Amino acid sequence: MNDITTRSGVVNITDLVDNQKLGKFFWNIMALCLLVSLGDGYDYTAMAFAAPAVIKDMHIERGAMGWVFGAGIVGIMLGSIVFGYVGDWLGRKRAIVIGCLYFGVLTFLTMFVRSLDGLLWMRFIAGIGIGGAVPNAIALINEYSPRRYRATMVTVMFVGFLLGTGGGGYVAAGLVPSFGWQSVFFIGGVVPFLTGIACIFALPESIRFLASQNRDHAQIVALAPRLQPGLVVDANTKFVLTEEPRPQRFNFRLLFSDDRRIATPLLWILYIANSLALFFLSSWMPVLLEGAGLPPGHAALAGSLFSIGGILGSLAIMRFTDRYGAIAVALLPLLGIPVVGALGMPGIAEVLLLAAVFIAGACTAGAQSGIHSVAGMFYPVSYRANGVGWALSVAKVGSIAGPVIGGMLLSAHLPLPQLFLIAATPLVVAFVSCAFLGWVYLARFAKQEDAALNAPAGSMH
């Protein structure tokens, strides 16, 4: 047979994935998950970009739109949890397909809503699907990526989400003047729906998931040679995973079992703290910089620089994350603390201010991508989608609190230097929790993985 297969006809799936040469099969999975992430990111912010035209068309008060935004985020929180269960029950592929078709249809139907209440309920219901697709895409990419590239590949996939969130502004600017706000939701409905259809035919199920659940042996037999061409397997071949305990039905307490009783709280604190800083800054940056004296056009440019910085920061950190884990991610909030604090300095030159905004985006949005890339490493295949889903749901606490706290501080008319110092404070918490999380991974989880990888085949699950 092959060196991955023992004489007894046993194929080690973990070795098969880790030793694969990244070819057409893997990049097909990446391309589809990137499209899922892109559509998800676009729909995440679609209402924000359509809001000015919606307010004018429906004669809605600006403040009332806050309820629509809030309903969408609550739906996303719920969806992250619900689809975590779906992904660990039915599989990553089915959860991704259901999520894409679901939020694609509901986003499309948003075009026909004509009331504030209708918008509120539609965004809440659509949000369930929007929140559910990405956790399962993260799990799928995690489970098909070689260990040496795992964080890099999750980060590359999540760049699609960042491009989607930023791309909505360009779509709105190009289409809304000619076709109305409905055009934003037409694009936001059609793209994920077509992506979901493509996933039905072209996206494979996670081979790790299938092996961990002892499901569909024939499908594993079909998938294994695609990871390593030339591998000979048949109906009698046994497939094993080295790093996995025996599968068990998900229970919430599993998120806090063994070493996860330390890792999960740290991961949740990290997500909340970084999300709070990220969404505080991304929501209020143009307003704050106009208050600092920047012309409106330059303040809007600063918002774009913040997003671009986030994308480049994500790409810059990914290879270091593969090597050093969360320890590498911790460097971003550490750098972000003085940079964000300096944004409020009086008399700072505009070019330096814009450079600082770019770096702040790299540190906050880049860290968010880094957190996504390491989150799945703390949970076994049997409940990885649940672990990531719960973490992303908890992160929405920071996503909601950031803009709200920013609005409260603006209403209090605090001096600009004080506002940015407050915005930098969550990054202190993010750095400390991320550094500890990295230490926990290196001290506990990495050693367990190494021990499992060196275990004899007969002792594997």
query = Do you know which of the residues in region 373-399 that are closer than 17 Å to I269 by Cβ and either among the polar types (S, T, N, Q) or surrounded by fewer than 18 Cβ atoms within 10 Å (Cβ to Cβ) (or both) is modelled with the lowest pLDDT?
reply = S399
inquiry  = Of the residues V113, V86, only one is of a type in the set (A, V, I, L, M, F, W, C) and without any contact (Cβ under 8 Å) to a residue 12 or more places away in the chain; which?
reply    = V113
inquiry  = Suppose we filter V176, V190, V171 for residues that are part of a helix (DSSP H, G or I), closer than 29 Å to A316 by Cβ and hydrophobic (A, V, I, L, M, F, W, C); which single one remains?
reply    = V171
ask   = How about region 193-213: which of its residues are part of a loop (DSSP other than H, G, I, E, B) and within 19 Å of A133 (Cβ to Cβ)?
value = L203, P204, E205, S206
ask   = Are any of the residues in region 173-182 at pLDDT 90 or above and touching a Ser or Thr at 6+ places or on another chain (Cβ under 9 Å)?
value = yes
query = Do the conditions hold for A375, that is, is it within 15 Å of A263 (Cβ to Cβ), part of a helix (DSSP H, G or I) and touching a Cys at 6+ places or on another chain (Cβ under 7 Å)?
reply = no
note = Checked A50, A64 against criteria (surrounded by fewer than 21 Cβ atoms within 10 Å (Cβ to Cβ) and in contact (Cβ under 8 Å) with a residue 40 or more places away in the chain); the one match is A64
task = Please enumerate the residues belonging to region 135-149 that are more than 15 Å from D88 (Cβ to Cβ) and crowded, with 24+ Cβ neighbours inside 10 Å.
result = I141, Y144, S145
task = Tell me, yes or no, whether region 297-305 has at least one residue that is modelled with pLDDT of 90 or more and crowded, with 23+ Cβ neighbours inside 10 Å.
result = no
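The values are calculated or read from the model by the stated rules, or taken from the named source; none is laboratory data. Because the structure is predicted, anything quoted here is derived from the model rather than measured. FYI the Cβ positions are ideal-geometry reconstructions off the backbone, even for glycines, and counts take in every protein chain you see.
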